[in-house]
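Reading through the structure tokens given below for one structure.
The values are calculated or read from the model by the stated rules, or taken from the named source; none is laboratory data. All figures in this text were calculated on a predicted structure; none of them were measured in a lab. Here the Cβ is made from the backbone with ideal geometry for all residues, glycine too, and neighbour counts use every protein chain on show.
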Amino acid sequence: MNKGFHQLRVALRTLRALYWTYSSCLGEEATTQATEAFKRLVAVAGGTRDCASDP
């Protein structure tokens, strides 16, 4: 189960990096909103992963 949360976090970080890379094409407002949402989702996925790994 932890592997799935790890893969989710990696995918979200990759999306956040892609938004940052293409921010000039996507627009600053859209990029800022999306990257902030990705940060929150990564934090939630990390918390869920930590809970799932507790014995």
- Are there any pairs with C-beta distances below 7 angstrom linking a residue in the range 1-29 that is in a helix (DSSP H, G or I) to a residue that is loosely packed, with under 11 Cβ neighbours inside 10 Å, with the two at least 6 apart or on different chains, and if so which? ASN2/SER53
- Given the conditions (1) at pLDDT 85 or above; (2) crowded, with 16+ Cβ neighbours inside 10 Å, report the number of the one that ARG49 does not fulfil. (1)
- Task: Say whether the condition of being modelled with pLDDT under 85, exposed (fewer than 14 other Cβ atoms within 10 Å of the Cβ) and over 11 Å from the mean Cα position of the chain (by Cα) is met by at least one residue in the range 26-42.
- Result: no
